[in-house]
Amino acid sequence: MRRVTDSSAALPDATVPPTASRRAVPRADIVLPCLDEAAALPWVLDRIPDGWRAIVVDNGSTDGSAELARSLGAHVVTEERRGFGAACHAGLLAAEAEFVCFCDCDGSLDPALLTGFVRRIADGECDLLLGRRRPEGRGAWPPHARAGNLALARMLRRRTGLRLHDLGPLRAARRADLLALDLTDRRSGYPLQMVVRASDAGLRVAESDVPYRPRTGKSKVTGTWRGTWHAVRDMRGVLREPPADRAPAPTPAPSGTGAVR
């Protein structure tokens, strides 16, 4: 079995070959974990692809984020248990589309780019596609957060063999594949646990470059050294977990795609 990683650019649809851009992109649900993101929500929700559903998971906001998201047409889920993983998983459980995407709700990442992600998964190129963040603008990715991410990527490589450079929050996969991973972390380790268990299950994990801009508002996790340390601690715990006993069967790739298992 050979796993595939890919750092090719995942930019707006103008970069997709004309024959590919004319194909209909399958519908997807986008999970947007949210904690006091009222300032960024209008832009983020305006960038949701046509026909896709935005699932805003309110994780205890006090700035009216839930009400604003609802007024802008998003499906709002309330998750009272605090934690990034708790919010993400609540969104996954609320999703109904075949494909589920995840995106931060702070304006640092463009959810419109996820059409290219879903197209590549539907075409059988990979099973879980992550956005490799490429900072644009001063302060987009603080040094301490970047250092923590690099350390985790190296530990992930030792644990799984995956040669990923980033564990970024912009990602897409089939809903059935994600549910079969039986994800249990409800804190900062959730994104890493998803990748580790996908690798253990034999799913093909890839990454693709995406622009990463300065976020709107204050970071809830990696804005400080302390927050970064807690996130790294949670993720190191995930890396110490033994491989799961049960592994989901990857969704068969369409014939003729040249997919590598």
task: Would you confirm whether any residue within region 137-144 is without any contact (Cβ under 8 Å) to a residue 24 or more places away in the chain and buried (at least 19 other Cβ atoms within 10 Å of the Cβ)?
output: no
Scanning region 103-129 for residues that are in contact with a helix residue (DSSP H, G or I) (Cβ under 7 Å, 6 or more places away or on another chain) and open to solvent by less than 10 Å² (accessible area, probe 1.4 Å) gives C103, C105, P111, C126, D127, L128, L129
All-but-one check, E241 against (1) at pLDDT below 85; (2) under 17 Å from the mean Cα position of the chain (by Cα); (3) not small (G, A, S), failing number (2)
Of S21, S61, S71, the only residue that is modelled with pLDDT under 95 and over 17 Å from the mean Cα position of the chain (by Cα) is S21
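Please pick out the residue among L178, L156, L150 that is hydrophobic (A, V, I, L, M, F, W, C) and over 18 Å from R233 (Cβ atoms).
Testing whether each residue is hydrophobic (A, V, I, L, M, F, W, C) and over 18 Å from R233 (Cβ atoms) leaves just L178.
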Pairs returned, first residue in region 230-248 that is over 13 Å from T184 (Cβ atoms) and open to solvent by less than 60 Å² (accessible area, probe 1.4 Å), second residue that is at pLDDT below 65 and hydroxyl-bearing (S, T, Y), beta-carbon separation under 8 angstrom, 6 or more apart or interchain, are A231/T222
field: Test result for S199, in a helix (DSSP H, G or I), modelled with pLDDT of 90 or more and buried (at least 16 other Cβ atoms within 10 Å of the Cβ)
entry: yes
- Message: So, L128, is that one at pLDDT 95 or above, more than 14 Å from the chain's Cα centre (by Cα) and not small (G, A, S) or not?
- Response: no
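The values are calculated or read from the model by the stated rules, or taken from the named source; none is laboratory data. Predicted model only: the values in this text are computed from it and were never measured. We place every Cβ from the backbone using ideal geometry, glycine too, and count neighbours over all the protein chains shown. Ligands, DNA and RNA are excluded from the accessible area calculation, which covers all protein heavy atoms including side chains. Shrake-Rupley method; radii C 1.70, N 1.55, O 1.52, S 1.80 Å.
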